[in-house]
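The structure under discussion appears below in the form of structure tokens.
What follows draws every value from the coordinates through simple rules; no lab data is involved. Nothing here was measured: the structure is a model prediction, and the numbers come from that model. Methodologically, a virtual Cβ is constructed for each residue, glycine included, from the backbone with ideal geometry; neighbour enumeration extends over all protein chains shown.
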Amino acid sequence: MQRPHARTALACSAALLLATLTACGGSAGADTDTEKPTVPTNVTAQASSATSVHVMWDQASDNKAVTGYEVYQEGEKAVSLPATKRMTDIDGLTASTAYSFTVRARDAAGNLSPRSAAVSVTTPAPAPHDEEAPTAPVKLRGKADDGRTVSLSWGGSTDDVGVTSYDIYQEDSRIHSVPGTQTTAHLTGLRPGTVYTFTVRARDAADHSSPDSNALDLTTPAASGAPASTAPSGLRTEVTEREGEFVVDLSWDQPETGGTIPAYQLFLNGKMTTTIVWGGTPPSGRATYELTLSDPPGTRYSLKLRPKLPDGTWGDFSAQRTVVLPG
């Protein structure tokens, strides 16, 4: 049986230990993050069409890390985004209407920054009887400025009424928009040592999108000391019809890996569809493969592949190619 004075001594020791921990900055629980992120700056809002607005902003900072952003329309939260996204399209709006947008940054503890300065934009009126899509942008070209930014430019499109915006796509995802009067774009937030495939589409006030421009492959410079890219290059595709099926002939230049590449994974619309394994000795130099498809004419596919490296891991992805089965 424990005596009363012994219990009192233990309680005093526990209180002394807690006081010591508190005085030294310790805590019985996890550290609490109460500091808010900074306010997102340079918020812009551009009417992409009569019913959509493109909102962009610059990166916020935090004592720990920014984990996301929240975009508000007329004071009500419209969308939440991860920290890697600093632009978004707000759709389903009303033509000829004024809107106001603000942005807040969020950290892992749930702290929200103050709201950014509000930006206003008015959606244009829809063009009457506008049934025609713009022509495709032409001669898309560009360069990697550094490991995280690229600059693009292209020849303008035409439309029976007028081009209101240009949408930039990375693979099959729209990542940026600029006004219809602008034929250049500066993209940030990319990864060093990565192959990117860009296309551009024009859009009019009736929300008709043009066909894709030519595809442009750009590789951002690798970070200092990083290993060389293992992405296949020069991927080309050719579609032919044979006995009621479509055959896609693929060919590509194999990367230098210091050894033999025993296999490739082929991705169709972002999902791994097959593993290409050579029946005999793996080829050197340029490789080829036939992919058979039985879908209806007009079906659209995106294709890319990556190599299996000599150490058994999977390497970097090639640039993406788009294939439309002929009608």
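Restriction of the GluC sites (Glu not before Pro) in region 126-219 to DSSP coil positions whose beta-carbon has at most 16 other beta-carbons within 10 angstrom yields 131, 132.
The GluC sites (Glu not before Pro) of region 202-258 that DSSP puts in a loop, and whose beta carbon has at most 10 other beta carbons within 10 Å, are 243, 256. When only alpha carbons are used to place a centre, region 202-231 and region 49-90 end up 22 Å from one another. Remark: region 44-122 carries a charge dipole of roughly 180 debye about the Cα centre, counting +1 on each Lys and Arg Cβ and -1 on each Asp and Glu Cβ.
Under the convention that each Lys and Arg Cβ holds +1 and each Asp and Glu Cβ holds -1, the size of the dipole of region 233-324 around its Cα centre is about 260 debye.
Convex hull volume of the C-alpha atoms in region 44-122, normalised per residue: 78 Å³.
Choose one of 122, 219, 182: the residue whose Cα lies farthest towards the positive end of the charge dipole of region 72-231 (beta-carbon charges +1 Lys, Arg; -1 Asp, Glu; about the Cα centre). Result: 219.
If you take every residue apart from residue 227 with its C-beta less than 12 Å away from the C-beta of residue 227, what net charge results, scoring Lys and Arg +1 and Asp and Glu -1?
Net charge in that neighbourhood comes out at -3.
Over the chain, DSSP H runs of length four or greater, each weighted -39,500 (n - 2.57), average out per residue to a 222 nm ellipticity of -2000 deg cm²/dmol. For the chain, taking Cα atoms only, Rg and Dmax work out to 27.1, 96 Å respectively. Angle of helix 4-23 to the longest C-alpha principal axis of the chain, folded into 0 to 90 degrees and rounded to 10: 50°. Charge dipole of the chain (Cα centre as origin; +1 on each Lys and Arg Cβ, -1 on each Asp and Glu Cβ, all else neutral): 1440 debye, rounded to the nearest 20.
Neighbours of residue 265 by Cβ distance under 9 Å: Lys/Arg scored +1, Asp/Glu scored -1, total +2. Normalising the Debye intensity of region 127-226 to I(0), with uniform scatterers on Cα atoms only, and taking log10 at q = 0.23 Å⁻¹ returns -1.10. Maximal additional length on extending the residue 238-residue 292 stretch stands at 18.3 nm, based on 0.36 nm per residue less the C-alpha distance. Other residues within the sphere of radius under 15 Å centred on the Cβ of residue 46, judged by their own Cβ, net out at -2 (K and R +1, D and E -1).
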